[in-house]
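**Q** Right, I'll just put the structure down here and ask away after.
The values are calculated or read from the model by the stated rules, or taken from the named source; none is laboratory data. All figures in this text were calculated on a predicted structure; none of them were measured in a lab. Counting neighbours? That spans all protein chains shown, and the Cβs are built from the backbone with ideal geometry, glycine included.
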There are 2 protein chains.
Amino acid sequence: MIKGGKPGRLTLEAAKSVLRGVGMRCTAARIAVIQALEAAESPMTPGSVVDFLCEYGFDKSTIYRSLTELNEAGLVVRLDLGDAVRRFELLPLENDGAPEHPHFMCVDCGKVVCMSGFDVELKGRSRKARSPGIMSEILVRGHCHDCAT
Amino acid sequence: MIKGGKPGRLTLEAAKSVLRGVGMRCTAARIAVIQALEAAESPMTPGSVVDFLCEYGFDKSTIYRSLTELNEAGLVVRLDLGDAVRRFELLPLENDGAPEHPHFMCVDCGKVVCMSGFDVELKGRSRKARSPGIMSEILVRGHCHDCAT
DNA sequence: TCTTATTTGCAACTTAGTTGCAAATGTAGA
DNA sequence: TCTACATTTGCAACTAAGTTGCAAATAAGA
Ligand SMILES: [Mn+2]
Ligand SMILES: [Mn+2]
Ligand SMILES: [Zn+2]
Ligand SMILES: [Zn+2]
């Protein structure tokens, strides 16, 4: 069990059952990664997960591998928020309710905010404007309230 | 002058006058970078510019520096399209008309499309949903028509 | 042409992320 | 509970993108 960050509502047993649910072995590293992501306020960069968990003796390569595997298993989304750094976010576990949502990233301070309350609509300016594909993820960049002059 | 890519409507003299217009010296490297970006169908990664121009004897560090300088001078936008790779796009030169536009990136093939014809609207689901800041750039990710099953 | 500040090429460096492999460990079955 | 085996881990070495310091080259103005 690991300290720091948000209270951390995810018990050890809950983490284990989530892993078993997708047919993955319950290892200390994976549990630690899940708990770290869960305790975080916003999506974490691999670097921040590594920095955090290396303190506890986990190896960098193990953490990268865990993040990738958890992502492949569908437990974690990998966000590409556009500062040339990936971020990982734990998906809602029990309740499938929380919908996909856009993310906002401040170009000044780098803060990432989940825009859970928003839908995005693309409107063609002309009649014949045709969407280039099926959209699945939206990122909004800009200046957060703190950084706006 | 450099071959390959799109026809390339930007003459040598035009490139030079653009550089002078922002008070930058006209060097072979900068002209080559501008022409490469101009000839490209869609925003280029630094890597692709480097690969392309190194063939002509330019040094990697020079190209990175040129891209950064052209960006700082406001001639080139640096897009963070979310595959942990930056991309550079030449801004419309004479006519200031072409508006900022969203970009679409296919998560399968990596293709980037400029969604010049689109506006994006964020709609709060609830009354009290408040935007986290002032949005300035939009990225849509998804599956392009070619890659959609 | 001359002068000087700017820019370039080079090579060395940094840093994030990846990989191969032997040792450690989780899990299913006896 | 113990065993056997496939999976996972730590380590160290590696890769690749991007950066940096510096002496040589060069653009631009006088
Ligand atoms: Mn989110
Ligand atoms: Mn564009
Ligand atoms: Zn901010
Ligand atoms: Zn595609």
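**Q** Can you go through B:ALA40, B:ALA28 and tell me which one is at pLDDT 80 or above and either surrounded by 15 or more Cβ atoms within 10 Å (Cβ to Cβ) or within 16 Å of ligand 3 (Cβ to nearest atom) (or both)?
**A** B:ALA40
**Q** Only residues that are of a type in the set (A, V, I, L, M) and surrounded by fewer than 13 Cβ atoms within 10 Å (Cβ to Cβ): list them for the stretch B:101-149, please.
**A** B:ALA148
**Q** For the stretch A:103-139, give me each residue that is under 17 Å from the mean Cα position of the chain (by Cα) and either within 16 Å of ligand 2 (Cβ to nearest atom) or small (Gly, Ala, Ser) (or both).
**A** A:GLY110, A:SER116, A:GLY117, A:SER136, A:LEU139
**Q** A:LEU90 is checked against (1) closer than 27 Å to B:GLY142 by Cβ; (2) surrounded by 17 or more Cβ atoms within 10 Å (Cβ to Cβ); (3) more than 14 Å from every other protein chain (Cβ to nearest Cβ); (4) at pLDDT 80 or above and fails just one. What number does that condition carry?
**A** (4)
**Q** Another one. Can you run down the residue pairs with Cβ atoms below 7 Å, 6 or more apart or on separate chains, where the first is in the stretch A:24-45 and within 14 Å of chain B (Cβ to nearest Cβ) and the partner is of a type in the set (Phe, Trp, Tyr) and within 16 Å of ligand 2 (Cβ to nearest atom)?
**A** none
**Q** Which residue pairs have Cβ atoms under 8 Å apart, sit 6 or more places apart or on different chains, and have a first residue in the stretch A:121-149 that is facing chain B (nearest Cβ under 7 Å) and a second that is basic (Lys, Arg) and crowded, with 20+ Cβ neighbours inside 10 Å?
**A** Partner pairs satisfying both residue conditions: A:MET135/B:ARG141; A:SER136/B:ARG141; A:GLU137/B:ARG141; A:ILE138/B:ARG141; A:LEU139/B:ARG141.
**Q** Every residue in the stretch A:108-131 that is within 25 Å of A:VAL77 (Cβ to Cβ) and outside any strand (DSSP E or B), please.
**A** A:ASP108, A:CYS109, A:GLY110, A:LYS111, A:MET115, A:SER116, A:GLY117, A:SER131
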